[in-house]
């Protein structure tokens, strides 16, 4: 799935992605990169609202697994099990979100477990970047199951 295809999909199927003005910069098998402006995602301090950054980070994590499942032709349900967001510094302008797998073999393990057991979990790391620095990080766990 190309960045423009993913962006179109997200903006039509996940309405908040359109409101938050998520832009898909890169959509690769092991990395998703989004950018977004501050204006629709700001708080009363004119910095990034924590809820917006967590939501955008979760959409990036979900997208990474979703496009991998599409590529592997794994018809299954994908949901968020848990997420934990840590904020390191304020964000006062356009920012970037980068989602990756938590470790080297996580994707192959996920696919093997999903194929053999009909359900699997996967861990992802998401970095919130602003002005060339890490501003926050999200750890996410997703679950997938193959419908009967």
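On inspection, residue 70 qualifies as over 17 Å from residue 121 (Cβ atoms) and out of contact with any strand residue (DSSP E or B) (no Cβ under 9 Å at 6 or more places or on another chain).
Among the residues of the range 15-35, those identified as buried (at least 17 other Cβ atoms within 10 Å of the Cβ) and out of contact with any strand residue (DSSP E or B) (no Cβ under 7 Å at 6 or more places or on another chain) are 17, 27. Whether a residue is at pLDDT below 95 and in a helix (DSSP H, G or I) was assessed, and residue 116 passes this test. Checked against the criterion of being part of a loop (DSSP other than H, G, I, E, B), within 19 Å of residue 3 (Cα to Cα) and over 14 Å from the mean Cα position of the chain (by Cα), the range 29-41 contains one or more residues that satisfy it.
Among the residues of the range 98-108, count how many are in contact with a strand residue (DSSP E or B) (Cβ under 9 Å, 6 or more places away or on another chain) and within 14 Å of residue 74 (Cα to Cα).
1
Just to be sure, is residue 46 surrounded by fewer than 17 Cβ atoms within 10 Å (Cβ to Cβ), part of a helix (DSSP H, G or I) and more than 17 Å from the chain's Cα centre (by Cα)? Considered against the rule, which asks whether it is surrounded by fewer than 17 Cβ atoms within 10 Å (Cβ to Cβ), part of a helix (DSSP H, G or I) and more than 17 Å from the chain's Cα centre (by Cα), residue 46 comes out as no. Any residue in the range 84-95 that is assigned to a strand (DSSP E or B) and over 15 Å from residue 53 (Cβ atoms)? No.
There is no residue in the range 80-96 that is surrounded by 15 or more Cβ atoms within 10 Å (Cβ to Cβ), modelled with pLDDT of 95 or more, within 19 Å of residue 5 (Cα to Cα) and touching a helix residue (DSSP H, G or I) at 6+ places or on another chain (Cβ under 9 Å).
Per-residue answers, yes or no, for (1) surrounded by fewer than 16 Cβ atoms within 10 Å (Cβ to Cβ); (2) closer than 20 Å to residue 31 by Cα; (3) touching a residue at least 40 places away in the same chain (Cβ under 8 Å):
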{"position": "72", "(1), (2), (3)": "yes, yes, no"}
{"position": "98", "(1), (2), (3)": "no, yes, yes"}
{"position": "101", "(1), (2), (3)": "no, yes, yes"}
{"position": "104", "(1), (2), (3)": "yes, yes, no"}
{"position": "126", "(1), (2), (3)": "no, yes, yes"}
{"position": "134", "(1), (2), (3)": "yes, yes, yes"}
{"position": "140", "(1), (2), (3)": "no, yes, yes"}
{"position": "144", "(1), (2), (3)": "no, yes, yes"}
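Any residue at all in the range 52-61 that's farther than 16 Å from residue 141 by Cα, surrounded by 15 or more Cβ atoms within 10 Å (Cβ to Cβ), without any contact (Cβ under 8 Å) to a residue 60 or more places away in the chain and in contact with a helix residue (DSSP H, G or I) (Cβ under 7 Å, 6 or more places away or on another chain)? Yes, that holds for at least one residue.
The values are calculated or read from the model by the stated rules, or taken from the named source; none is laboratory data. Just so it is clear, the model here is predicted, and its values are computed rather than measured. Cβ atoms come from the backbone with ideal geometry, glycine included; neighbour counts cover every protein chain shown.
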